[in-house]
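See below for the structure under consideration.
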């Protein structure tokens, strides 16, 4: 019977450890501005070292920490790897957004447009407007300013209590009628 009990407690312990780990990661992100770049990256490395080396979550958090400290070139391959490893849930979508933003910052806006355009079709959640915002930035960098403005206004219109319909219609008109 003791074997049975330890087995049933194991998932609870794993879940508790996972929740505690997630909280420590969240706390570190919340305090990013309180640390030097080196200290922040070192703390993140310690946290991700607690997970298996093939953990998509660990690879993602490492990528995000590098990205947030100005190392987009190092972050992009890690975002790709995290996605290849099957990064789950909201982190998957965040990885796409963050990788696309990094690609744009590296002068690869066309790749960013492709990723974010595809992402708009994948799912809908509270990150929809982030996808639209970063797509709008990439569109500007590829010379598609009218489309970018239309996209940004459409995203903004969903949050307005007044003029929502008008703004959405104007955004559609901008998109439908390219500049001459």
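Residue 81 meets the conditions (1) more than 19 Å from residue 32 (Cβ to Cβ); (2) assigned by TED's automatic domain parsing to the domain that holds residue 20; (3) crowded, with 22+ Cβ neighbours inside 10 Å in every case but one. The failed one is (3).
Okay, residues lined up against (1) exposed (fewer than 13 other Cβ atoms within 10 Å of the Cβ); (2) assigned by TED's automatic domain parsing to the domain that holds residue 63; (3) under 30 Å from residue 53 (Cα atoms):
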residue: 94; (1), (2), (3): no, no, yes
residue: 99; (1), (2), (3): no, no, yes
residue: 105; (1), (2), (3): no, no, yes
residue: 120; (1), (2), (3): no, no, no
residue: 123; (1), (2), (3): yes, no, yes
residue: 131; (1), (2), (3): no, no, yes
residue: 154; (1), (2), (3): no, no, no
residue: 161; (1), (2), (3): yes, no, no
residue: 165; (1), (2), (3): yes, no, no
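For segment 50-73, give me each residue that is without any contact (Cβ under 8 Å) to a residue 24 or more places away in the chain and surrounded by 11 or more Cβ atoms within 10 Å (Cβ to Cβ). The answer is 58, 62, 71.
Results for (1) out of contact with any helix residue (DSSP H, G or I) (no Cβ under 6 Å at 6 or more places or on another chain); (2) under 17 Å from residue 72 (Cα atoms), shown as yes or no for each residue.
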site	(1), (2)
111	no, yes
136	no, no
140	no, no
143	yes, no
154	no, no
162	yes, no
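For segment 74-104, the set of residues classified as assigned to a helix (DSSP H, G or I) and modelled with pLDDT under 95 consists of 89, 90, listed by residue number. Of the helices (runs of 4 or more DSSP H) entirely within segment 1-72, none holds at least 1 residues that are in contact with a strand residue (DSSP E or B) (Cβ under 9 Å, 6 or more places away or on another chain), at pLDDT 95 or above and over 26 Å from residue 100 (Cβ atoms). For residue 124, the criteria (1) out of contact with any helix residue (DSSP H, G or I) (no Cβ under 9 Å at 6 or more places or on another chain); (2) under 30 Å from residue 149 (Cβ atoms); (3) assigned to a helix (DSSP H, G or I) hold in every case but one, which is (3).
The values are calculated or read from the model by the stated rules, or taken from the named source; none is laboratory data. All figures in this text were calculated on a predicted structure; none of them were measured in a lab. With ideal geometry, Cβ positions are generated from the backbone for all residues, glycine too; neighbour counts draw on all protein chains shown.
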